[in-house]
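Here's the structure, in structure tokens; my notes come after.
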Amino acid sequence: RKFNRESQVLFYLNDAVTQLLDHKEEYTQFGLVRYFAEYFSSVKNSNHVLFRELNYIRATQHNRASFIRVFWRCFRQIGKSGDLLSVPEYRSLLQLLCPDFPLEAVQIVLADDISDGLMSFSDFIYAFQLQFCYQEFLDSVQVIYQDLLAGKSPNTVIVPTSSSVEQLVSVATEESDREEQQQDAVDSSTLAECVDALCERFKHSCPSRTCLREVLEQTDKVSYYGFLQSLANHESINQTIGALPSKEELLIDPEMDQELDKLIAQISVSPGSNSSGSAIGGLKEVQRRASPRRNIHHRRKMEVESDGSTEETDSSEN
């Protein structure tokens with residue numbers, strides 16, 4: 001773990017230097033000390049993933065959790081309004097924060113035909129959090145599940161390594177029919193045994209073995225997507241990731257609600273304002289803290305809910 005923390009520090013330091021060299025004229029006017037202070041402050045506050053490329057967002061678990069948190073802060077109003085959206089529509093929202101976010105990375109299937117149906121914000125974000133933070137682990141579990149479904153004994157099931165899982169998942173997906181997988185199930189204790197062996201040698205992040213055992217002890221038989229759904233709804237896993245509050249508090253954010261109320265009040269009293277203007281429109285007045293990331297010419301011109309920060313931006317110094 002110590003090595004992992006140190007390697008992540010080096011990752012961020014390398015990115016900070018790369019950003020500085022790529023956009024030297026833009027950032028050096030702030031001074032090098034302030035530049036690095038702003039960069040690492042944005043990393044600490046989870047704002048650093050805004051408008052960055054997918055490879056960067058996926059590079060560390062902190063980045064992945066930060067992206068989940070930013071998505072929640074930006075679009076939780078959808079949940080408060082009770083709107084139901086399709087997976088492609090949620091993907092469009094993700095692309096507002098990460099322009100190269102692919103559709104296949106949002107193919108969350110927790111029940112029959114859900115990919116063609118509608119999901120609430122709460123159902124989507126917890127399922128997406130699980131998939132996004134533990135994608136490599138879930139891919140490996142899928143390979144194990146398909147082997148068990150094919151009738152292989154636990155002793156002959158191949159526990160994938162992190163380097164081979166992509167190829168195995170691709171082959172297994174081609175050889176099996178997804179609809180049949182959703183209808184079938186495997187012995188929970190057998191799957192638990194194989195998953196436990198996977199955790200012992202897995203190099204990427206994965207849920208705690210205690211949580212995995214708790215989920216698999218709930219029933220004698222389990223389907224792959226039933227397993228995913230139970231993991232997505234497991235509060236201990238949510239707490240371990242640390243990006244989202246509990247489901248009971250998901251749509252509660254008094255600080256941000258106060259900011260929105262102020263904006264709505266300003267809009268309603270401003271000359272020529274439209275009384276029917278939405279709170280989303282009011283977000284255009286929210287200041288976003290500048291942080292040393294990609295060149296501003298490559299940033300999406302959209303307004304998002306910040307991480308509660310109302311500090312002055314660097315634009316006053318230009």
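The values are calculated or read from the model by the stated rules, or taken from the named source; none is laboratory data. All values derive from a computational prediction rather than experimental measurement. Here Cβ is always computed from backbone atoms with ideal geometry, including for glycine, and neighbour counts include all displayed protein chains. Heavy atoms of the whole protein, side chains included, go into the accessibility calculation; ligands, DNA and RNA do not. Shrake-Rupley method; radii C 1.70, N 1.55, O 1.52, S 1.80 Å.
Here are the numbers for this structure:
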quantity	calculated
Accessible area of region 189-237 divided out per residue, in Å², using a probe of 1.4 angstrom	51 Å²
Distance in nm between pseudo-label sites at residue 120 and residue 262 (7 Å out along the Cβ direction from Cα)	3.1 nm
Nearest-0.05 FRET efficiency for residue 24 and residue 249, computed from C-beta distance (R0 30 Å)	0.10
Sorted peptide list for 38-46, 196-204, criterion being average Cβ within 10 angstrom, highest first	38-46, 196-204
Length added when fully stretched, residue 81-residue 204, from 0.36 nm per residue minus Cα-Cα	40.6 nm
Sequence of 73, 34 from largest to smallest accessible area, 1.4 Å probe	34, 73
Distance between modelled label sites at residue 41 and residue 104, nm, 7 Å Cα→Cβ extension	4.0 nm
Theoretical FRET efficiency, 1/(1+(r/R0)^6), r = Cβ-Cβ of residue 189 and residue 235, R0 22 Å, to 0.05	0.40
